[in-house]
Structure formats: C-alpha cells, structure tokens
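Below is one structure, written out as structure tokens; the observations come after it.
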C-alpha cells in the first residue's frame with residue numbers, strides 16, 4: 001500500500017494520472033482521441049503515437065506500418081497500422097498536416113510501442129496545417145474517463 005501511495009504522489013508530480021482500472025498511464029499535457037492515439041503539440045509540430053491503454057489491449061506489437069515523410073495526414077483518417085500477436089489496428093491521425101518525421105526505430109524495434117508508448121515509441125511528427133484539430137481532442141481527465149467507460153462495456 002505504501003508503494004502505491006508513493007507511486008501515486010510521484011505520478012501526480014510528473015503530471016501522470018494512473019487509471020484506477022489498471023496500470024495504464026495517461027500523461028497530463030497530451031491530447032487524446034477516442035481511437036486511442038495521443039498527440040503532443042510543440043509550436044507548429046505535433047508528435048503522434050498510440051496510448052498505453054491501446055498497447056495494453058493490442059499485446060506484443062510485432063510490426064508498425066509507417067507513412068512516408070512528406071505524406072499528408074488528415075484528422076480522423078488512418079495513416080498507418082500496428083500489428084500485434086493478437087490483432088491489427090489502424091493508426092488514425094488526430095490532426096491534419098504534413099509528416100515531417102517518422103520513427104524509423106520502429107521498423108527494427110516495433111516493441112518500443114509497448115515498452116515506451118509516450119517516449120521512444122512515438123510514431124510520426126507532423127507540421128500542423130489546422131491547429132483547430134487540437135480543440136476536438138480529449139484532455140487527460142476526459143480520456144481516463146473514456147477508457148474506464150469503454151472497459152466497463154467489455
């Protein structure tokens with residue numbers, strides 16, 4: 001119990017909320033989609049990946065389909081896919097813009113999506129063409145509640 005309390009306090013200081021339904025984490029300064037992608041905006045560049053919740057449900061990721069640098073992505077449209085030992089799932093873009101960078105490390109190490117979904121397992125970086133897309137995304141609290149409700153249905 002003391003360890004859990006310590007972890008909760010440490011997570012709170014780091015801006016991470018630990019969902020009560022499991023061990024999935026939600027990072028406070030990111031935005032989220034209902035298809036379980038996250039986005040972090042820094043200036044005019046957005047980094048996109050799949051959430052901890054998504055990677056937990058997928059299981060061990062064995063392949064990540066990446067777009068080409070320079071490709072256009074549109075809010076709500078698939079730009080790639082993640083394949084695991086259990087399932088395959090499209091990756092939808094939370095924003096509209098042009099891909100400026102892809103995480104080529106995922107070609108050799110797709111499991112980075114599992115082990116580090118918010119850091120080393122990011123998927124693409126996009127130059128935003130419509131910053132208004134961010135306003136339609138969930139904050140950490142809404143996304144946490146969304147995941148709880150979704151899991152309660154299953």
Query raised in the report: Sorted from fewest to most neighbouring beta carbons within 10 Å, what does the list 124, 134 look like?
Result: 134, 124
Requested in this report: Please label the shape of region 26-70 as rounded, prolate or oblate, based on the square roots a ≥ b ≥ c of the eigenvalues of the alpha-carbon gyration tensor (a/c under 1.5 means rounded; beyond that, a/b larger than b/c means prolate, else oblate).
Outcome: oblate
**Report entry** Gyration tensor verdict on region 102-154 (Cα atoms; rounded if a/c is under 1.5, prolate if a/b is larger than b/c, oblate otherwise)
**Finding:** oblate
Query raised in the report: How do 51, 96 line up, fewest other C-beta atoms within 10 Å first?
Result: 96, 51
Query - Distance from region 32-69 to region 110-144 (C-alpha centre basis), Å - result: 5 Å
Query raised in the report: Cα gyration tensor of region 31-137, axes a ≥ b ≥ c as square roots of the eigenvalues: rounded (a/c below 1.5), prolate (a/b > b/c) or oblate?
Result: prolate
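Where a number appears in this text, it was derived from the coordinates with a stated rule and is not lab data. Quick caveat, the model's predicted, so the values are computed rather than measured. All Cβ positions, glycine included, derive from the backbone under ideal geometry; neighbour counts span all protein chains shown.
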